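All of the numbers you see were taken from the coordinates with simple rules; none came from a lab. Predicted, not measured: the structure shown is a model, and the values here were computed from it. Counting neighbours? That spans all protein chains shown, and the Cβs are built from the backbone with ideal geometry, glycine included.
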Amino acid sequence: MTTWRSLLHEARADLAAAGLPTADVDARRIVEEVSGSAGPLTWVAEQDAPRLAARRVRDMVRRRANGEPLQYVLGSWSFLDLDLYVDPRVLIPRPETECTALVARAEAERLGARRGRRDPWRGGLASFLVADLGTGSGALALAVATVFPDAEVWATDASRDALAVARANLAGCGGAAAQVRVAEGDWFDALPDELRSRFRLVVSNPPYVAAAELANLPVEVAAHEPVAALVSGPTGFEAIARIVAGAPEYLDGAGTLVVEIAPHHAGDALAAARQAGFAETRVECDLVGRERVLVARGG
């Protein structure tokens, strides 16, 4: 039999031989995932790993050594206070999008959304409408729904495959799932006409890579993540422009649009928001100081 410790050493050696600079971390994450330990392997290190578990570790190591992102190999990844299921049908949640989620939460609270526990006995319609356009894994929709119990969040995506992943994440998030409605369609086209002018908050992490930039992305990204969720078009600004232009029709008068952008699109995004009629516009920076999140407020 093979112990968990020896599996860890084997995994580390195989990943290092594949040239991965993160071999140590990746090996630990894979072995911890398969062993079921919530942290260091101390308590199970000298125990024998079941044969099927050892086979699973080696299969995951092989996938990682072949360049598949660790997040897809593990099948899940943390996003703020959420643990999300991810696979190649959706983008991997990133720290930049955590910043977008935090900005969206701050705007929701500023607009009067109630934080706290969900009251299962509270009837009636939700008092705070939110749209997450291009939801992918459902990360932004769930980041809002799990914090604001009175929010009704419409999670939309043009990809049926992506929505299947979002639904899987909804199934694992408890009571907040009842607050999220999933709709298939292209940006605002997925939303019911009767909800025009009623949303308090629209949030999106749209594709913002230009077609010519795809070849310059890390191979792990370009070869494994869904191209349609990465590339917007020739300039990379196409999806952002469409969302900014369409948002005033769906937001109520004082509502806010929050959109993740590429840093080099900041000027164009601000100009587009002003042209669309937003009264107050700014761009928030991400954790490393790059301009990352457009915030456009109504009057």
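Mind ordering 252-261, 127-136, 279-288 by average Cβ neighbours within 10 Å, highest first?
Top to bottom by mean Cβ count within 10 Å: 127-136, 252-261, 279-288.
To one decimal place, what Kirkwood hydrodynamic radius in Å is obtained for the range 141-229 from all pairs of distinct Cα atoms?
14.8 Å
Using all alpha carbons of the range 13-112, what is the percent of pairwise distances in each 5 Å bin, ordered from the shortest bin to the longest?
With 5 Å bins starting at 0, P(r) equals 2, 12, 18, 19, 18, 12, 7, 5, 4, 2, 1.
Express in % the proportion of alpha carbon pairs of the range 197-299 at distances exceeding 24 Å.
Tail of the P(r) past 24 Å holds 24 percent of the pairs.
Taking all pairs of different Cα atoms in the range 183-235, averaging 1/r and flipping that mean, what Kirkwood radius in angstroms comes out? Provide the component values of the computation, followed by the final result.
Numbers: mean 1/r = 0.0757 Å⁻¹.
After inverting the pairwise mean of 1/r, the radius is 13.2 Å.
For a quick size check, give me the Cα extents of the range 71-193 along its three principal axes, largest first, whole Å.
40, 31, 26
In a Gaussian network model over the chain where Cα atoms closer than 10 Å are linked, find which of E194, E184, E107 has the largest mean-square fluctuation.
With Cα springs under 10 Å in the chain, the top fluctuation among E194, E184, E107 is at E194.
For Rg and Dmax of the Cα atoms in Å, several values are listed as [x] 26.3, 88; [y] 21.0, 68; [z] 19.4, 64; flag the one computed from this structure.
[y]
Kindly provide the helix-only [θ] at 222 nm of the chain, computed as the sum of -39,500 (n - 2.57) over DSSP H runs of four or more divided by all residues, to the nearest 500 deg cm²/dmol?
Computed ellipticity for the chain at 222 nm equals -11000 deg cm²/dmol.
Rounded to a whole number of µm²/s, how large is the Stokes-Einstein D of the range 147-193 at 10 °C and 1.306 mPa s, given Rh as the Kirkwood radius over C-alpha pairs?
In µm²/s, the coefficient is 142.
Would you give the gap between the C-alpha center of the range 145-216 and the C-alpha center of the range 91-112, rounded to a whole Å?
Comparing the Cα centres of the range 145-216 and the range 91-112, I get a distance of 13 Å.
Taking the Cα centre of the chain as origin, work out the dipole magnitude from +1 charges on Lys and Arg Cβ and -1 charges on Asp and Glu Cβ, in debye rounded to 20.
Its charge dipole is roughly 560 debye.
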